[in-house]
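The values are calculated or read from the model by the stated rules, or taken from the named source; none is laboratory data. All values reported here derive from a predicted model rather than from experimental measurement. Using ideal geometry, Cβ is built from the backbone for each residue, glycine included, and neighbour counts are taken over all protein chains shown.
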Amino acid sequence: MFCSKCGKENSDENLNCSQCSNRLKPEEPQVKAQVEPAFGNLIPYKNSYGLTAYYLAIFSVIPCLGLILGIPAFFFGLKGFAVYKQNPEVKGKVHSLVGILLGGLCGLVNLIAFIVAIINMAIKS
Ligand SMILES: [Zn+2]
């Protein structure tokens with residue numbers, strides 16, 4: 001890296017400039033503060049729509065709950081994906097897609113099952 005004070009090129013391992021002794025790297029505590037938790041990249045805390053969609057979709061796999069949870073999961077997923085597209089830093093792309101696909105699928109399957117059950121009842125009565 002180059003020294004910000006005198007411009008001399010230094011090895012990346014150097015803490016101080018070899019020419020003017022200017023400090024090249026920020027203090028250790030500042031570096032640690034910037035490090036995210038290990039799972040910070042996996043769970044999109046900043047994209048609550050995507051995260052909500054993901055958990056709704058997971059639970060929409062449970063029979064009967066699919067209709068109640070799958071459809072909101074689908075819409076939360078769409079919203080989460082829109083938030084991600086506007087600002088990719090919030091992450092949650094995969095979580096939103098899981099919400100859209102899994103939630104949409106479970107919602108649809110349960111909706112069809114629900115309609116079929118109603119039609120069956122209507123035919124029998
Ligand atoms: Zn220097």
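Within the range 65-84, restricting attention to residues that are over 14 Å from Tyr54 (Cβ atoms) and at pLDDT below 95, the residue that is surrounded by the most Cβ atoms within 10 Å (Cβ to Cβ) is Gly66. Name the pairs: first residue in the range 1-27 and more than 9 Å from the ligand (Cβ to nearest atom), second residue of a type in the set (Lys, Arg), Cβ to Cβ under 8 Å, at least 6 apart or on different chains? That search, which allows pairs on different chains as well, returns Leu15/Arg23; Leu15/Lys25.
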